[in-house]
Amino acid sequence: MSDIISIKTPEEIEGMRIAGRLGSEVLDYITPFVKAGVTTGELDRLCHEYMVNVQGSIPAPLNYCPPGYTPYPKSICTSVNDVICHGIPDEKVLKNGDVVNLDITVIKDGFHGDNSRMFFIGEPSQLVKRLSEVTYECMWLGIAKVKPGAHLGDIGHAIQQHAEKNGYSVVREFCGHGIGRVFHEEPQVLHYGRPGTLERMEAGMIFTIEPMINAGRRDIRHMGDGWTVKTKDRKPSAQWEHTVLVTETGYEVLTLSAGSPPPPAFITEAQAAVAA
Ligand code: MF3
Ligand code: CO
Ligand code: CO
């Protein structure tokens, strides 16, 4: 990784808009299949076929191999219940009460679109429902901090505050990341921190915000497959992810499509106030 944060050209931004929309549309496509009885391997196969055969996009995770890792063997990540991130699709059957994060990254014309959503199988427990809601709010509170001149620490602080206020904890070993022609590039976008610290944002930067929030303690453990990360206390974890562009006046979320859940009311109310 280079230690400078790239500023995307207008042409690169256009490519990232397309990749971002396609990444979100894979989540739209798979939504009706995420129900009791399906295996995570089947969800992977369906997403792979859709990306390759319908979109003409490339699943970025497949064979992805950062330093110190083995090549990732599948096309999406499926993180169930106490899996924090990087769950590998397999023959595991989803059952009522499970909660799963599907993390999709497509490559289109060389550009990456990275996003994830939470899905409930049947009726979730009150705990898991609230955890997922708070995590979604955390992501959007972070996004709302994005504008030129603001600091990356502002994002982390907003996320950490909201998570901890609700009695949850923030995973520290994984963070958001710059993204473009490269899957993971500078900067690191921490989901905890202090306002006014770390790099200043500039128009044309593109990065993800993808808080992993644990119902219990923040401690993690690595599974023997080289990828899967779980909570140490076996309590559930939630994650939502968007890819975001810093604009001249604020932000543009790139990973949006017809099926994206609406932003929380505090976002739409703030937008209405600006428009008035
Ligand atoms: N999509 C994940 C992220 O948000 C990265 C997954 S890497 C993989 O950064 F190899 F596990 F797919
Ligand atoms: Co990401
Ligand atoms: Co992702």
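Readers should treat all values here as calculations from the given coordinates under stated rules, not as data from a laboratory. For clarity, every value in this text was computed on a predicted model and none was experimentally measured. So basically every Cβ, Gly included, is an ideal-geometry build from the backbone, and we count neighbours across all protein chains shown.
Which of LYS129/LYS235; LYS95/LYS232; LYS108/LYS145; LYS92/LYS232; LYS8/LYS74; LYS35/LYS232 have a Cα-Cα distance over 18 Å? Show your work: numbers first, answer last.
Details: LYS129/LYS235 13 Å; LYS95/LYS232 22 Å; LYS108/LYS145 28 Å; LYS92/LYS232 21 Å; LYS8/LYS74 29 Å; LYS35/LYS232 27 Å.
Distance filter (> 18 Å) returns LYS95/LYS232; LYS108/LYS145; LYS92/LYS232; LYS8/LYS74; LYS35/LYS232.
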Let me check the size of the range 117-216 from its C-alpha atoms; what are the radius of gyration and Dmax in Å? 14.0, 44
Quick check on the range 57-201: what are the equivalent-ellipsoid semi-axes from the Cα gyration tensor, as sqrt(5λ), descending, whole Å? 25, 23, 12
Run the helix sum for the chain: -39,500 (n - 2.57) per DSSP H stretch of 4+ residues, divided by residue count, reported at 222 nm to the nearest 500 deg cm²/dmol. -9000 deg cm²/dmol
When the Debye formula is applied to the Cα atoms of the range 55-98, each taken as the same point scatterer, what base-10 log of I(q)/I(0) results at q = 0.16, 0.17, 0.18, 0.22 Å⁻¹? -0.53, -0.58, -0.64, -0.84
The farthest towards the positive end of the charge dipole of the chain, of the residues GLN160, HIS242, SER75, given +1 on Cβ of Lys and Arg and -1 on Cβ of Asp and Glu, is GLN160
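How would you rank 34-47, 214-227, 78-91, highest first, on the average number of other Cβ atoms within 10 Å across their residues?
Details: 34-47: 17.7, 214-227: 15.3, 78-91: 20.7.
In descending order of packing, they fall as 78-91, 34-47, 214-227.
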Overall Cα dimensions of the range 10-275 - principal axes, largest extent first, Å: 47, 42, 39
Rg and Dmax [Cα atoms of the range 131-276; Å; Rg one decimal, Dmax integer]: 15.2, 54
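Taking R0 as 51 Å, what FRET efficiency do you get between LYS147 and ASN53 from their Cβ-Cβ distance, rounded to the nearest 0.05? Don't jump to the answer; show the numbers that get you there.
Working: r = 39 Å, r/R0 = 0.77.
The calculated FRET efficiency here is 0.85.
Let me know the whole percent of all Cα-Cα pairs from the range 192-276 that are separated by more than 19 Å.
Details: 2172 of 3570 pairs.
In whole percent, the share of Cα-Cα pairs in the range 192-276 beyond 19 Å is 61.
What does the extension gain come out to for THR39 and ALA265, with contour length at 0.36 nm per residue minus their alpha carbon separation?
Working: separation 226, 0.36 × 226 = 81.36 nm, distance 3.40 nm.
Length gained, THR39 through ALA265: 78.0 nm.
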Just ALA144, ALA258, ALA158 to compare: in a GNM of the chain, with alpha carbon springs under 10 Å, which one fluctuates most? ALA258
